[in-house]
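Undergrad: The following block contains the structure, expressed as structure tokens.
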Amino acid sequence: MKVEQELEQVQKQLAVMRDIVSQCQKLVVEDGTLYILWGSLAVITSLITYALTWFKVPVWTLVVLWIVAFYIPGSFATYKKVHTKKKHVVTFGERAIGRLWLGVLFVSVVSVILSLVSLLPWQGIIVIPFSIGLVYFPLAVLLDWKPLTAFGLVWIAGGAVMLVVPAFYSYLVLDGLIVVCEIIPGILIKKRVHKLIDMAQAE
Amino acid sequence: MSDDTGEIGFKPDAIDELLHNPLRLAIVTALSQVEQGDFNWLKELTRATDGNLATHLRKLEDSSYIKVTKTYSGRKPVTYYALTDTGSIALKNYIAMLASIVKKFETDPH
């Protein structure tokens, strides 16, 4: 085989690999739906909690409220979404992120319940923004979407703010963080995913 | 650098014939990017026909480059394919071989 022919063959092989790798980079890890769902449930449940504190309801009522209004519908919807999703491919990133979110959910459940029953100082609640913020950094790389790093930093900065404001208002800061750093990115990710799908279909 | 025959690297004994085929190379490259993928995903990605894809997948499976897992999605049977360690090493070696050819050509284009 002549040198030119060999080189041409190498270039063809490299082109095949480049094309496949480029297509694989478009694989979607997250579509934003669960961000919007969990974020909305958290804000709604939190606002109900605020309203109920005016009536000085027992603490166990609030624990039940969080389980019934936040964790049960959120977990059920997540389970349904994960299991009904048409799975053609399983990515390494998808599994890693799934485990990370499971960890965040566990930390959130424990810290909310412990702080509601006064076993944990109210400052303990800042593990929620910190843990969510930390997940955003690897997620930004996997989704190849840099703004998520900025949202992660806002989560952590917001967590620090929660420490310096009175306990009552720190939960309002958390609600604000959920809206700005979870629901809004969820909407943006959803729009981006639809755009990528449209582009892939057009190709 | 060229040898006496004017070849720079595709020596028959050095080539991994399995990966030298573009479709098989595409399959192995695709599976190196994910944990596992099903037949339809590979078909969509490689734009191959059912029969052609199945034939090449079987060849890769016979050589232990890929492993096959049969499962169910509801009542529908689904077959997943994943790259094995053997396949992964073969792909790395193949890429190294391509890179060495390009390097040789860059240092001595004639």
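Undergrad: Being part of a helix (DSSP H, G or I), touching a helix residue (DSSP H, G or I) at 6+ places or on another chain (Cβ under 7 Å) and of a type in the set (Lys, Arg): is that true of A:Lys190 here?
TA: Yes.
Undergrad: From the list A:Gly98, A:Gly103, A:Gly74, exactly one residue is of a type outside the set (Lys, Arg) and within 14 Å of chain B (Cβ to nearest Cβ). Which is it?
TA: On inspection, the qualifying residue turns out to be A:Gly98.
Undergrad: Go through the residues of segment A:41-50 one by one and say whether even a single one is open to solvent by less than 40 Å² (accessible area, probe 1.4 Å), part of a helix (DSSP H, G or I), free of Cβ contacts under 8 Å to residues at least 40 places away in the same chain and of a type in the set (S, T, N, Q).
TA: Yes.
Undergrad: If we scan segment A:105-123, do we find a residue that is farther than 30 Å from A:Lys56 by Cα and either touching a residue at least 12 places away in the same chain (Cβ under 8 Å) or open to solvent by less than 70 Å² (accessible area, probe 1.4 Å) (or both)?
TA: No - not one qualifying residue is present in segment A:105-123.
Undergrad: Within segment B:68-104, work out how many residues are within 30 Å of A:Gln5 (Cβ to Cβ) and in contact with a Leu (Cβ under 8 Å, 6 or more places away or on another chain).
TA: Here the count works out to 8.
Undergrad: Looking at (1) over 20 Å from B:Ile89 (Cβ atoms); (2) modelled with pLDDT under 90, find the lone condition where B:Ile15 falls short.
TA: Result: B:Ile15 passes all but (1).
Undergrad: I'm trying to understand the selection: among the residues of segment B:14-33, which are open to solvent by less than 30 Å² (accessible area, probe 1.4 Å) and under 13 Å from A:Val10 (Cα atoms)?
TA: B:Ile15, B:Leu19, B:Leu25, listed by residue number.
Undergrad: Contact list please: Cβ distance under 8 Å, first residue in segment A:10-22 and more than 12 Å from B:Pro22 (Cβ to Cβ) and within 7 Å of chain B (Cβ to nearest Cβ), second residue assigned to a helix (DSSP H, G or I) and open to solvent by 60 Å² or more (accessible area, probe 1.4 Å), pairs at least six apart or on different chains.
TA: A:Val21/B:Gln33
Undergrad: Mind listing whichever residues of segment A:6-33 are open to solvent by less than 40 Å² (accessible area, probe 1.4 Å) and in a helix (DSSP H, G or I)?
TA: Matches in segment A:6-33: A:Glu6, A:Leu7, A:Val10, A:Gln13, A:Val16, A:Met17, A:Ile20, A:Cys24.
Undergrad: Can I ask one more? Determine if segment B:97-107 includes at least one residue that is more than 20 Å from B:Ala54 (Cβ to Cβ), modelled with pLDDT of 90 or more, open to solvent by 70 Å² or more (accessible area, probe 1.4 Å) and within 13 Å of another protein chain (Cβ to nearest Cβ).
TA: no
Undergrad: Just to be sure I understand, how many residues within segment B:13-36 are in a helix (DSSP H, G or I) and facing chain A (nearest Cβ under 8 Å)?
TA: Number satisfying all stated conditions: 7.
Undergrad: Anything in segment A:139-163 that is open to solvent by 30 Å² or more (accessible area, probe 1.4 Å) and either touching a strand residue (DSSP E or B) at 6+ places or on another chain (Cβ under 7 Å) or at pLDDT 90 or above (or both)? List them, or say none.
TA: A:Lys146, A:Pro147, A:Thr149, A:Ala150, A:Phe151, A:Leu153, A:Val154, A:Ile156, A:Ala157, A:Ala160, A:Val161
Undergrad: Across segment A:175-203, what is the number of residues that are over 17 Å from A:Tyr136 (Cβ atoms), modelled with pLDDT of 85 or more and open to solvent by less than 70 Å² (accessible area, probe 1.4 Å)?
TA: Here the count works out to 1.
Undergrad: Condition first: open to solvent by 60 Å² or more (accessible area, probe 1.4 Å), in a helix (DSSP H, G or I) and within 14 Å of chain A (Cβ to nearest Cβ). Now tell me which residues in segment B:44-87 satisfy that.
TA: B:Glu44
The values are calculated or read from the model by the stated rules, or taken from the named source; none is laboratory data. Fair warning: this is a prediction, and the values are worked out from it, not measured in the lab. No Cβ is skipped: glycine too gets one built from the backbone with ideal geometry, and neighbour counts run over all protein chains shown. For accessibility, only protein heavy atoms count, side chains too; no ligands or nucleic acids. Shrake-Rupley method; radii C 1.70, N 1.55, O 1.52, S 1.80 Å.
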